[in-house]
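The values are calculated or read from the model by the stated rules, or taken from the named source; none is laboratory data. Since the model is a prediction, treat every value here as computed from it, not as a measurement. FYI the Cβ positions are ideal-geometry reconstructions off the backbone, even for glycines, and counts take in every protein chain you see. Each accessible area value is taken on the protein alone, full model and side chains, heavy atoms only, with ligands, DNA and RNA left out. Shrake-Rupley method; radii C 1.70, N 1.55, O 1.52, S 1.80 Å.
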Amino acid sequence: MTAATAHAPATQKKKGVFAALEIDTRLLGMIGAFVVLCLAFNFITDGRFLTPRNIFNLTIQTVSVAIMATGMVFIIVTRHIDLSVGSLLATSSAVMAMAQTAILPDLLGVGLDSPTVAALAIVIGLMTGTAIGAFQGWLVGYLLIPAFIVTLGGLLVWRNVAWYLTSGQTIGPLNEYYLLFGGINGTLGETLSWAFALVATVAALWALVASRRNKVAHEMPVKPLWAEGAIGLLIAVTIFGFVALLVAYQIPSGRLERMFVARGEVLPEGFTQGYGIPISVLMLIVLAVLMTVVSRKTRFGRYVFATGGNPDAAELSGINTRMLTVKVFALMGFLCALSAVVASARLTNHTNDIGTLDELRVIAAAVIGGTALSGGVGTIYGAILGALIMQSLQSGMAMVGVDAPFQNIVVGMVLVVAVLVDILYRKRTGGKA
Amino acid sequence: MSSPDRGTPLVELRDISLAFGGIQAVDRVTVDLYPGEVVGLLGHNGAGKSTLIKCLSGAYRMDSGEIRINGEKVEINNPRDARRHNIETIYQTLALADNLDASANLFLGRELTNAIGMIDEAQMEAETRRIMGRLNPNFRKFSAPVSALSGGQRQSVAIARAVYFNAKILIMDEPTAALGPQETRMVAELIDELKRQGLGIFLIDHDIHQVKQLCDRAAVMKNGALVGIVEVADVTEDDLLGMIIAGKRPEHLAA
Ligand SMILES: Nc1ncnc2c1ncn2[C@@H]1O[C@H](COP(=O)(O)OP(=O)(O)OP(=O)(O)O)[C@@H](O)[C@H]1O
Ligand SMILES: [Mg+2]
């Protein structure tokens, strides 16, 4: 975004390099903006912003909105909108909370903290979210009610269904296995985190090689070898750097002691352990990869983009665009429920106002991430980066001590300016806004 | 009609009618098409040509009438049904997804996939390069979204899509509207070649000269109704023009 224009004077020489790397300059701009933002906050807070602790917190705060933002990309790409995601999250969360505290333990005759209860509650929640999403998609796709109206109705309906289900009460404490998905209560620890970094790097490099081989096999142009190598190196450094940061955040000794006591052991002298990758963040990473594959490598994803680009052409090409709408909204519902797991586990309770205003954060994340409201354009990584930027802005301002009203004023303005910059950028690169 | 007996027609459109609200866009039109034949559809703007062929391509559902393919009555309720009967269409509006590249458009709805069901991008692009090399050797923009293509380049993508999948029945709605003289000649040659291969082609074209050259028969429509079907060899360009404007069959054929 802003950084893309900042680099402009030096383009002549750099153009060749970026062109060879074939990195999306828009992505580069966003990363640039994000880095500038972080450095600025870090400077203002005298280095408190870029500590392992704060970065750890930032990532777990981002997960819930980011999960939904990946689904919102598909919704907006097909020229729809979903205003009901925050409410859908609340209903899913309420259903799961009721299931695991009031219904399942009695039904199964097991304790509140049984892993079966957690698993079943999550399955029920995911099914609820998917079903509601599919229903809204049916209203949009088959009855042709505009998505704006259907989901505006949904915003009210599901928020209050959640309220009704729980009588407005906070429900908790939740199942201890369920809480593993909340962030700080469920992390991989050091060894597993490094193992993940290794596996992820190998997989990413393998994907690079496989894609190059496939292109060569079909005699298509490929990047120069040094460019592939540079990208590979960049990926490896990013993954290991990220994991290193999360591992660097140390579990406090009091908490470690309690963990050892719970296992009937004694904390050895001088023993330290980093948190490592939170399970919720791991979930987001896996989801991001899956959704990217879905959007680029499957028929479903291809049809989502085709329909967004030209609904008539998609229909005439034999794509069942009505069913596609149902599927896209069902996927969104599923992701709302998944997000509900993370959000309520992070709070360790279901609260009546959970997910309030999330629809705006989610839409903003997708849009800042480059999803065009006119349809047909958007990326999963963009939306996640958008969510991260929004969250950093919010936490950074809170840390600096900006007054609450000003925080929201700034976030609102950033959204508008981001879209303006995006429009200007697309005009310059000749794309369609 | 006046066509000689050539066995079962490839396509028979019988008494097709379709109204949009108060407008009778197509009014009891009957046309047939034989293998290896090109039938031109003529008529003024808004005569109902596109609407008629959209009933065959599954874009619209006719109000009444029936469609027979190789003598058998078929139901065409959507574009998928049409494709199943090997009907391919080049729409007047081209019907391309602007945000996708040429190969994504060419294979839209029929993507090539690998063993695990993932889209095989490289294979699709290779195939696209092959067919475009035949249809439009100057085409280079394989990785750009089609919004970045010229009108003629877009047209060649639409034509490639119709030709690639071994159509038996081809519908071309003003296929040369956006093309330069050289490209127009290429399309004309292509139509001749496909005809020799035994395809049946419905060709909508406002260029009467071209219709005279490419078509075996011409069906003329006016205000949704069929004026008549004539052997192109039996009429002059002026006769055709008269049919389009006056809506009457020429004197010497009026029987
Ligand atoms: N989707 C639609 N809704 C309402 N009316 C329509 C629709 N499509 C076509 N019409 C009307 O039906 C009539 C026939 O239109 P059609 O597109 O078939 O004409 P055409 O012969 O193809 O004309 P052209 O040579 O300009 O392409 C016109 O009066 C047109 O206004
Ligand atoms: Mg027309």
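When every residue of the stretch A:221-228 is checked against the conditions, at least one turns out to be at pLDDT below 90, over 25 Å from the mean Cα position of the chain (by Cα), within 14 Å of another protein chain (Cβ to nearest Cβ) and open to solvent by 60 Å² or more (accessible area, probe 1.4 Å). Of all residues in the stretch A:393-413, those that are modelled with pLDDT under 90 have Cβ atoms under 7 Å from Cβ atoms of residues that are among the basic types (K, R) and surrounded by 10 or more Cβ atoms within 10 Å (Cβ to Cβ), 6 or more apart or on another chain, in A:M399/A:R48. Just give me the residues in the stretch B:174-204 being more than 16 Å from ligand 2 (Cβ to nearest atom) and acidic (D, E), in sequence order. Residues satisfying the conditions are B:E183, B:E189, B:D192, B:E193. Note on the stretch A:130-154: residues that are in contact with a Leu (Cβ under 6 Å, 6 or more places away or on another chain), assigned to a helix (DSSP H, G or I) and open to solvent by 50 Å² or more (accessible area, probe 1.4 Å) amount to 1. Scanning the stretch B:14-40 for residues that are farther than 12 Å from B:A225 by Cα, within 15 Å of the chain's Cα centre (by Cα) and within 16 Å of ligand 2 (Cβ to nearest atom) yields B:V39, B:G40.
Restricting the first member to the stretch B:42-60 and to residues that are under 15 Å from B:P175 (Cβ atoms), and the second to residues that are open to solvent by 10 Å² or more (accessible area, probe 1.4 Å) and near ligand 2 (Cβ under 9 Å from one of its atoms), the beta-carbon pairs closer than 6 Å and six or more apart or on different chains are B:S50/B:Q92. Just one residue in the set B:D120, B:D101 is charged (D, E, K, R), open to solvent by less than 40 Å² (accessible area, probe 1.4 Å) and within 9 Å of chain A (Cβ to nearest Cβ); that residue is B:D120. The set of residues in the stretch B:187-204 being surrounded by fewer than 17 Cβ atoms within 10 Å (Cβ to Cβ) and over 19 Å from B:L10 (Cβ atoms) consists of B:A188, B:E189. Residues that are closer than 17 Å to B:V230 by Cα and within 10 Å of ligand 2 (Cβ to nearest atom) were ranked within the stretch B:41-71; the one that is surrounded by the fewest Cβ atoms within 10 Å (Cβ to Cβ) is B:G43.
Only one of the numbered conditions (1) touching a residue at least 40 places away in the same chain (Cβ under 8 Å); (2) closer than 24 Å to B:V187 by Cβ; (3) of a type outside the set (A, V, I, L, M, F, W, C); (4) touching a Leu at 6+ places or on another chain (Cβ under 6 Å) is violated by B:T128, and that is (1).
Highlighted here are the helices (runs of 4 or more DSSP H) found entirely within the stretch B:38-143 that include at least 1 residues which are within 13 Å of ligand 1 (Cβ to nearest atom): B:49-57.
If I ask for residues that are open to solvent by less than 20 Å² (accessible area, probe 1.4 Å), in contact with a strand residue (DSSP E or B) (Cβ under 9 Å, 6 or more places away or on another chain) and not β-branched (V, I, T), which ones from the stretch B:146-168 would you list? B:Q155, B:A158, B:R161, B:A162, B:A167 - these are the residues of the stretch B:146-168 that are open to solvent by less than 20 Å² (accessible area, probe 1.4 Å), in contact with a strand residue (DSSP E or B) (Cβ under 9 Å, 6 or more places away or on another chain) and not β-branched (V, I, T).
Just a yes or no: is a residue in the stretch A:215-238 within 30 Å of A:V123 (Cα to Cα) and not assigned by TED's automatic domain parsing to the domain that holds A:L112? No. When the criteria are applied in full, A:G308 fails the requirement of being at positive phi, open to solvent by less than 40 Å² (accessible area, probe 1.4 Å) and within 14 Å of chain B (Cβ to nearest Cβ). The test for being open to solvent by less than 20 Å² (accessible area, probe 1.4 Å), within 16 Å of ligand 2 (Cβ to nearest atom), under 17 Å from the mean Cα position of the chain (by Cα) and of a type in the set (V, I, T) holds for B:I171. Set side by side, the residues A:V209, A:V222, A:V237, A:V202 differ, and just one is over 30 Å from A:A340 (Cβ atoms), of a type in the set (A, V, I, L, M, F, W, C) and part of a loop (DSSP other than H, G, I, E, B), which is A:V222. B:D207 falls short of the stated requirement of being over 14 Å from the mean Cα position of the chain (by Cα) and either away from ligand 2 (no atom under 16 Å from the Cβ) or on the phi > 0 side of the Ramachandran plot (or both). Tell me, please, whether a residue that is farther than 29 Å from B:E237 by Cβ, more than 10 Å from chain A (Cβ to nearest Cβ) and among the hydroxyl-bearing types (S, T, Y) can be found in the stretch B:52-66. Yes, the conditions are met somewhere in the stretch B:52-66.
When A:L424, A:L338 are checked against the criterion of being buried (at least 24 other Cβ atoms within 10 Å of the Cβ) and not polar (S, T, N, Q), a single residue qualifies: A:L338. Based on what the data block shows, is A:G301 touching a Lys or Arg at 6+ places or on another chain (Cβ under 7 Å) and within 14 Å of chain B (Cβ to nearest Cβ)? No: the conditions fail for A:G301. Taken over the stretch B:152-174, residues that are within 16 Å of ligand 1 (Cβ to nearest atom) and away from chain A (no Cβ under 11 Å) amount to 5.
Among the residues of this structure, B:G109 counts as one that is on the phi > 0 side of the Ramachandran plot, open to solvent by 20 Å² or more (accessible area, probe 1.4 Å) and touching a residue at least 12 places away in the same chain (Cβ under 8 Å). Would the stretch A:379-393 turn up any residue that is within 14 Å of chain B (Cβ to nearest Cβ), in a loop (DSSP other than H, G, I, E, B), within 25 Å of A:T151 (Cα to Cα) and not aliphatic (A, V, I, L, M)? The answer is yes; a qualifying residue exists. The test for being among the β-branched types (V, I, T), within 11 Å of chain A (Cβ to nearest Cβ) and within 16 Å of ligand 2 (Cβ to nearest atom) holds for B:T93.
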